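Laboratory data are not the source of any read-out in this text; all were calculated from the coordinates shown. The structure displayed is predicted, hence computed values, not measured ones. Reconstructed Cβ throughout: ideal geometry from the backbone, glycine too, with neighbour counts over all protein chains shown.
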Amino acid sequence: MLRGTRIGYRKSSALWWLVALAAVVLLLIARAAGAKPKRAESPAGAGAKPAAAPVEKGSEASAQDQAKPESDDDSEDETRVDKTEAEWKQLLTRKQYRVARQGETELPFKGKYWKSKKPGTYRCVCCNAAVFSSEAKFESGTGWPSFWAPVKEKRLVSRQDYSDGSLRIEVLCARCDAHLGHVFADGPPPTGLRYCINSESLKLEERSPRRSP
């Protein structure tokens, strides 16, 4: 009887993880297609509680506008950046290389930008593509820089990641394949997503605070 109970628990646990992974994938597909994503739960990162909220009608377009920096070069969507491992090592610091090119995760509450409130555009440390804006940054309590949307959906690519023994969605720079972090379905409105990003994979291009009219 006990053995059967354990087997049932393992099956239900595995099923829960599959449902959670499917929820994140569906949210990303819905946003890429310009559709309204449905409310779904996903395994949260350390210190974060699932808090996804329903997306208001018409909020998808405004969300993308809010997350977009004032100046954005569309050529960054077209120009591919490829280098040899030797060239990446020469360009990056040791920590940047281990995180951005080898997929490591920096320690929480230790990164340069996890609590930064400076306005500006967060660019990929490898190829300088604009990937996130301070307008979409929020305090998640996880110890990593968190954003509810990228500058543009096509600036990022995602894939399944099993590196820590669980199912997660890894986020990479579409221009150079740099490892940026992971995305979870426990973020704030208007997207319900939390892009949990490593500071070592970013560099902030600061700008002057916007003045009220």
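Brief remarks follow.
- Per-residue extension of 0.36 nm, minus the Cα-Cα distance of K117 and R94, leaves a gain of 5.7 nm for this segment.
- In loop segments of segment 145-213 as defined by DSSP, the trypsin sites (Lys or Arg not before Pro) with at most 13 further C-beta atoms inside 10 Å of their C-beta are R210, R211.
- Added length on full extension, which subtracts the Cα-Cα distance from 0.36 nm per residue, E139 to E104: 10.4 nm
- Phi to ³J(HN,Hα) by Karplus 6.51 cos²θ - 1.76 cosθ + 1.60 over segment 122-131, Hz, x for Gly, Pro: 8, 10, 5, 5, 8, 10, 6, 5, 6, 10
- Close amide H pairs (under 5 Å, H built 1.01 Å from N) link E104 with V99, residues at least 5 positions away or on another chain.
- Cross-link pairs beyond the 19 Å C-alpha cut-off, checked among K83/K137; K110/K137; K89/K118; K89/K203; K112/K152: K83/K137; K89/K118; K112/K152
- Considering only alpha-carbon pairs that sit under 8 angstrom and 6 or more positions apart, the relative contact order computed for segment 144-213 is 31 percent.
- Modelled label positions at T79 and S163, each set 7 Å beyond Cα in the direction of Cβ, lie 2.7 nm from each other.
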